[in-house]
Amino acid sequence: MLQRSIFHTALKHFFTGGPETRRSLPCGLLCAFRWGPGLFWHRSKSSLPDVRERTLVAIKPDGVQRRLVGQIIQRFEQRGFKLVGLKMLQASQDVLSEHYCNLRTKPFYNSLVRYMTSGPLVVMVWEGHNVVQTSRTMVGHTNPAQAQAGTVRGDFSIHVSRNVIHASDSVEGAEKEIQLWFQAKDLLDWNCWDQISTGEL
């Protein structure tokens, strides 16, 4: 009842106030006016079983240095995924050692760690239907020479050792990587308005 009262009070001000009043209202409230008061407080339940699947995406030092962060984020937003975690950081050798634990015996491991600690990274958690597999497709082949045009690596990468971006390769791997790079308090569970239309079959 309180939420409905708040909605109708705001609605009254919307129609009786001038243009300045309408411009001052939050975007979400304007969406509620358009779609009705139910949307304003109702959290939709998607019929897609894995709509809350999450993956870790990291823009590597070369991607940050080349100022590609905005363009890469835009691709994931335009695809319809929801950003639930984001931070810029200087990676420690301890975290990288855990992240690349399966590569420790490789001859290129030390140079990989030097590269990954050479500058800041932008690390993100994206949520959405089939986000792990779709993100891998969007990112493209590890070797830019084999990455298709239209993928992040196909469009931006120069060399296999400078391939701009990382994305988790499995749901299980994503869970481990997210726990490694983020604390639970750093991840936001928020309501995205367009999921009402994109998360229902």
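The values are calculated or read from the model by the stated rules, or taken from the named source; none is laboratory data. The structure presented is a predicted model; accordingly, all values stated were derived computationally and were not measured. Using ideal geometry, Cβ is built from the backbone for each residue, glycine included, and neighbour counts are taken over all protein chains shown. Accessible surface areas use protein heavy atoms only, side chains included; no ligands, DNA or RNA. Shrake-Rupley method; radii C 1.70, N 1.55, O 1.52, S 1.80 Å.
Listing for the model above:
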{"item": "Net lengthening on full extension, ILE158/THR137 (0.36 nm per residue, minus Cα-Cα)", "result": "5.8 nm"}
{"item": "Surface accessible to a 1.4 Å probe, per residue, for the residues of the stretch 75-157, Å²", "result": "52"}
{"item": "Computed FRET value (nearest 0.05) for VAL95 with ARG66, which takes r as the C-beta separation and R₀ as 25 Å", "result": "0.65"}
{"item": "Simple label model, 7 Å out from Cα along Cβ direction - ARG75 to ASP186, nm", "result": "2.3"}
{"item": "Apportionment of accessible area to carbon and sulfur, the stretch 51-201, percent (1.4 Å)", "result": "49"}
{"item": "Cα→Cβ-extended label distance, 7 Å offset, between GLN179 and SER118, nm", "result": "3.2"}
{"item": "Largest to smallest principal axis extent of the C-alpha atoms in the stretch 126-201, angstrom", "result": "38, 31, 19"}
{"item": "Rg/Rh ratio calculated on Cα atoms of the stretch 62-201 (Kirkwood radius)", "result": "0.96"}
